[in-house]
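The values are calculated or read from the model by the stated rules, or taken from the named source; none is laboratory data. In this text the structure is predicted, and so the values were computed from the model without any measurement. Neighbour counts are summed over all protein chains in view; Cβ atoms, including those assigned to glycine, are modelled from backbone coordinates with ideal geometry. Surface accessibility is based on the protein's heavy atoms, side chains included, excluding ligands, DNA and RNA. Shrake-Rupley method; radii C 1.70, N 1.55, O 1.52, S 1.80 Å.
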Amino acid sequence: MAKIVLVGRHLHHTVWPLAQSLQAQQHQVHLITARDAEVQHSTGGIEVMTYFKTWSAWEGLRFIPVLLNLNPQIFHLILEKDQVSVAEWLLAYVAQTLPHCVVTTSFLDPDRGLRNKTWLKFLVEHSDIVTCPSMETLGHLRGLHVQSRRQNRGLLPPLLENLNQNTPQTDEFNLLKEKLGGQKTLALPFVLDPSGLNLQLKTILHQLSAQRHIAFLGSWGDWPVRSRKKLTRQLQLASISWTLSGSNLPQASQELLHSCEALWLAGLPLSPTAYTELIWMAWQSGTTPIIDTTQAIMHSRLWKDGVNCHILKKDHLKSELSRILALPSLQTLEHLSPQNARDLIDHSTNDLNRLYNKALSEKAVS
C-alpha cells in the first residue's frame with residue numbers, strides 16, 4: 001500500500017471521508033490541514049497535521065522539510081474551488097520534484113476559467129492525476145497544455161459525512177411545519193436570483209405549484225428589501241403557492257424535508273458540493289429526490305429511476321413535468337440507506353485507487 005499525503009484546507013466535504021476510506025484500505029495517510037480544523041476524537045491511525053493558518057508562502061516554505069521527510073508516494077491536493085494558495089502550490093511543486101511521487105489534484109466545485117489562472121493552470125498541467133466531480137466539470141480542462149502524455153483524469157464526486165440530525169426546534173420552525181401540515185409539499189433549495197425569476201424556473205414553479213405547495217429551503221436574509229418585494233410580487237403574479245424556511249442551516253433543511261413529499265433539484269444551478277449535500281439530506285429524511293439526467297451522472301451507481309428517485313431529461317424538463325405530475329405520488333417505494341452512502345464512498349475510493357496504481361506503475365517505468 002502507498003504512503004499518501006492528503007492536503008485540504010477544511011475537513012468537511014470530501015477530505016475527511018476520503019482520508020478515512022484510504023486508511024481503511026491499508027494506505028498510510030498523512031492529512032495536512034488548517035490550524036483551526038476540528039479534528040475527530042478518533043483519527044483511526046491517520047496522522048493529522050493542523051499546521052497552516054494563512055496558507056502563505058512563508059508557511060509553505062517552512063513546511064517543505066516536513067514534506068520531504070514524509071517522502072510520500074502520492075501527494076493529493078483537494079481544492080474546494082478553482083483557487084490554489086501559495087502554500088498549496090509550493091508543496092505541490094516540491095512533490096513534483098520527487099521522482100517517485102504521483103501528484104494528484106482534485107477539484108470539488110470548479111468554475112470555468114482555468115486558462116486565466118496561471119498558478120492553477122501550471123499545477124493542473126504538471127499533475128499526474130486530475131479529478132473533477134462530474135463529466136461536465138471535467139470538460140472544463142480541455143485545451144490545457146498538459147506536460148505529460150500519461151496524465152490520468154477521472155471523477156471524484158464530493159463525499160459528505162452524515163449530517164447532525166439534532167435540530168433545535170424553535171417556535172418559528174414549529175409554526176412553519178404546522179403551516180405545511182396536511183398539504184402535499186415539494187421542497188426546493190432556495191437558489192433564486194435577487195435580480196428576478198428566469199422564464200424556465202418560473203414555468204417549472206408554476207406547473208409544480210398547481211398541484212403542490214412549494215417549500216424553499218434557505219434564507220433571503222442577505223437580500224435587499226427591494227429584491228424581496230420583487231420576488232414576492234413575481235411569485236404572486238405567477239400564482240405560485242410558496243413558503244420560505246428562513247434558515248441556511250443544513251440540519252434545519254433536513255428536518256423540514258420530513259414534511260415534504262419530494263425534493264426537486266432538476267434543472268437548478270447547483271454546485272457539485274451543494275447538490276451532494278442536498279441529496280444526503282433527502283436520504284436521511286426519507287424524501288424522494290427529483291434530478292435531471294446531467295445530475296444523475298454524478299453518483300450514477302446509486303440511482304434507479306422510479307425506484308429510489310425520479311430522473312428527468314434535462315433538455316425536456318417542461319414535457320417531463322407533465323409525466324411526473326401525473327403520478328399519484330412522487331414518493332418512491334425505496335430510499336437510499338446509510339449502506340448506499342458507504343458504497344458511494346467505497347466506489348469512489350476504488351476508482352481513485354485505480355488511478356493511483358496506474359500512475360505509480362507509469363512512474364516506475366519512466
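Tally up the residues in segment 228-244 that are open to solvent by 20 Å² or more (accessible area, probe 1.4 Å) and either part of a strand (DSSP E or B) or touching a residue at least 12 places away in the same chain (Cβ under 8 Å) (or both), please.
Applying the first criterion (open to solvent by 20 Å² or more (accessible area, probe 1.4 Å)) to segment 228-244 yields 228-230, 232-234, 236-237, 239, 241-242, 244.
After this cut, where a residue has to be either part of a strand (DSSP E or B) or touching a residue at least 12 places away in the same chain (Cβ under 8 Å) (or both) as well, the list is 230, 234, 239, 241-242, 244.
Of the residues in that region, 6 qualify.
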Requested in this report: Find the residue count for segment 192-214, including only residues that are open to solvent by 50 Å² or more (accessible area, probe 1.4 Å) and at pLDDT 90 or above.
Outcome: 0
Query raised in the report: Can you spot a residue in segment 34-55 that is of a type in the set (Phe, Trp, Tyr) and part of a helix (DSSP H, G or I)?
Result: no
**Report entry** Where a residue in segment 53-72 is touching a residue at least 24 places away in the same chain (Cβ under 8 Å) and its partner, wherever it lies, is loosely packed, with under 13 Cβ neighbours inside 10 Å and basic (Lys, Arg), with Cβ under 8 Å and at least six apart
**Finding:** GLU59/LYS53
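On the basis of being out of contact with any Leu (no Cβ under 6 Å at 6 or more places or on another chain) and buried (at least 21 other Cβ atoms within 10 Å of the Cβ), does LEU217 make the cut? Working first, answer last.
Values: out of contact with any Leu (no Cβ under 6 Å at 6 or more places or on another chain): yes; buried (at least 21 other Cβ atoms within 10 Å of the Cβ): yes.
In short, yes.
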Report task. Mind listing whichever residues of segment 31-56 are under 17 Å from PRO72 (Cα atoms) and either open to solvent by 20 Å² or more (accessible area, probe 1.4 Å) or out of contact with any helix residue (DSSP H, G or I) (no Cβ under 6 Å at 6 or more places or on another chain) (or both)? Result -> ILE32, THR33, GLY45, GLU47, VAL48, MET49
Query raised in the report: In segment 99-111, is there at least one residue being touching an Asp or Glu at 6+ places or on another chain (Cβ under 6 Å), outside any helix (DSSP H, G or I) and modelled with pLDDT of 95 or more?
Result: yes
Query - Members of segment 303-319 found to be modelled with pLDDT of 85 or more and either over 27 Å from ALA210 (Cβ atoms) or in contact with a helix residue (DSSP H, G or I) (Cβ under 9 Å, 6 or more places away or on another chain) (or both), listed by number - result: TRP303, LYS304, ASP305, ASN308, CYS309, HIS310, ILE311, LEU312, LYS313, LYS314, ASP315, LEU317
